[in-house]
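Input: a single structure, listed below in C-alpha cells.
The values are calculated or read from the model by the stated rules, or taken from the named source; none is laboratory data. Predicted, not measured: the structure shown is a model, and the values here were computed from it. When we count neighbours, we look across all protein chains shown, and the Cβ atoms used for this are built from the backbone with ideal geometry, even at glycine.
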Amino acid sequence: MKLIKTFTLLLAASAINVANAEITASNNTLVFSTNTGLSQQVSIKNRHSADATIVAGDFTITNQMGNAATTYTVDTSDCVGILPKTNSCSVIIDYLPSASFDSQLILFSDPLSSDVLPIYLSNYYKEASAEQASRRLSPVIENVVMLDDLGNPLANNQLFDHASEDQDYTVTWTVLTYEPLVAQAYLFDCDIASKDCAAKTAAAYGKIDNTPTITGVTLTPAEVAAAGYEDYSFNGQSAIHQTFTSTITIQPDDFNDVTPHSLALRFYHVTTTDSKRQFSTGVSTSLSGNLNFVGQGDTGYFDTVGRALVLTGNNGL
C-alpha cells in the first residue's frame, strides 16, 4: 500500500530548459490516489521551433534531502529520443516512504543548460479541510488554573519557596485549537533575568522551571458544555478544547530575598503532527483576553501582547 498522498513541484524558474525543451506543470500540487498504485507525472513540452533530442543523461537526479533514493522512482523513458516541436512527454514519479510522515527533495539537473528543477516529495503535504481551517484560528488559551502543594486553587498570584524542600505547583490550562497539540508551561523569574524576561525559554531570560512536554487531552462535548467553553468552527470543521496538566517546581530559597520577585508564566505549543515531523520546537501560545487569572483581571497579563501571565515569588522561610 502506498503512503504517498501528494508531491509538490517547486519550479526554480518559470521555464526550465532540458535539452531545448521546457518542463511545465499546470498545477504545483499533484495528488496521489491512495491504494490505487497510480504514479504522478511531470510534463515536458518542446516549445522551440525545431525537434529536440533528449537522452537519459539529461535527467541527472540528485537526492538533496530525506531518505535513500530507494524511497522514490523516476521513469524518464517516455522522454528519451526525439521530441517533436510542440509535443510533450512525461516523467513518471512514484514515492514510497517507509515512515508515516516523510519528505524528499530531489533535483533534476540538465548538464546542457545547467538548469535545475527541484521536486519536493511528501506524504503529508496535502492539507485536509481541517488543516485549512486551523490557519483561521491559532491556538488560544481559554482557562488557566494553578493549585498549591496541598491541591488548593491559588486565591491570588503569590507563590512561595521553602527553606528545605521543593514546592510543587500544579498548573492546568485549556486551549481552543483545530489540531491536537503537545505543550509546555514555563516559569520565569524576572529578578534574575539578564535579558528580556520571558522573551525566550533559556536561563538567561529568567527561566527557573518548566513542565515536560505534555500531550493534550481533548474534552468531550459534555465536558465542554459543563465548563462553559464556546464552540468555534470554520467551513464545517469544528475546533476542539484540550487540557494540559503538570507541575512547576519552586526549589528551596528560589525567592530568598526580602523583596518579592516578579514572575511570568508562559505557555508553548506545537501540533502533534509537526512534533512528529520535528518541524518546530514550540510556539508561544496566545492568551484569551478574559482569563481573569487568579482574580487579577487585566493586571494578570505580563505584557501587552497577551503571551504571559503575572505571578509573584515570595520567600516562604
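Taking V270 as the residue in question, decide whether it is modelled with pLDDT under 95, hydrophobic (A, V, I, L, M, F, W, C) and outside any loop (DSSP other than H, G, I, E, B). Yes; evaluated as a whole, the condition is true for this residue.
Answer with yes or no whether L137 is surrounded by fewer than 19 Cβ atoms within 10 Å (Cβ to Cβ) and modelled with pLDDT of 65 or more. Yes. Could we say that D298 is modelled with pLDDT of 90 or more and in a loop (DSSP other than H, G, I, E, B) here? No; evaluated as a whole, the condition is false for this residue.
When segment 301-313 is filtered for residues that are touching a strand residue (DSSP E or B) at 6+ places or on another chain (Cβ under 7 Å) and either surrounded by fewer than 17 Cβ atoms within 10 Å (Cβ to Cβ) or assigned to a loop (DSSP other than H, G, I, E, B) (or both), the ones remaining, listed by number, are F302, G306, R307, T312. Taken over segment 176-217, the criterion of being under 15 Å from I250 (Cβ atoms), in contact with a Leu (Cβ under 8 Å, 6 or more places away or on another chain) and among the polar types (S, T, N, Q) is satisfied by N210 alone.
Over 25 Å from the mean Cα position of the chain (by Cα), surrounded by fewer than 17 Cβ atoms within 10 Å (Cβ to Cβ) and assigned by TED's automatic domain parsing to the domain that holds F267: is that true of L159 in this structure? Considered against the rule, which asks whether it is over 25 Å from the mean Cα position of the chain (by Cα), surrounded by fewer than 17 Cβ atoms within 10 Å (Cβ to Cβ) and assigned by TED's automatic domain parsing to the domain that holds F267, L159 comes out as no. Taking each residue of segment 250-279 that is assigned by TED's automatic domain parsing to the domain that holds G300 and farther than 17 Å from I141 by Cβ and looking for partners that are among the polar types (S, T, N, Q) and outside any strand (DSSP E or B) with beta-carbon atoms closer than 6 Å, six or more apart or interchain, yields P252/S164; F255/N315; N256/N315; D274/S280. Selection within segment 208-231: residues that are under 26 Å from K276 (Cα atoms), surrounded by 15 or more Cβ atoms within 10 Å (Cβ to Cβ) and not small (G, A, S). The member of this set that is farthest from the chain's Cα centre (by Cα) is D209.
Checked against (1) surrounded by 14 or more Cβ atoms within 10 Å (Cβ to Cβ); (2) modelled with pLDDT under 95, L150 passes all but condition (1).
Quickly run through segment 232-261 and pick out the residues that are at pLDDT 90 or above and part of a strand (DSSP E or B). So that I can check it myself, show each step before the final result.
Of all residues in segment 232-261, those at pLDDT 90 or above come to 240-252, 254-255, 259-261.
Within segment 232-261, I240, H241, Q242, T243, F244, T245, S246, T247, I248, T249, I250, H261 qualify.
Selection of segment 175-199 for residues being surrounded by fewer than 16 Cβ atoms within 10 Å (Cβ to Cβ) and under 16 Å from D303 (Cβ atoms) yields K195, D196.
Considering segment 159-187, and only residues there that are of a type in the set (S, T, Y) and at pLDDT below 95, the residue that is farthest from N256 (Cα to Cα) turns out to be Y178.
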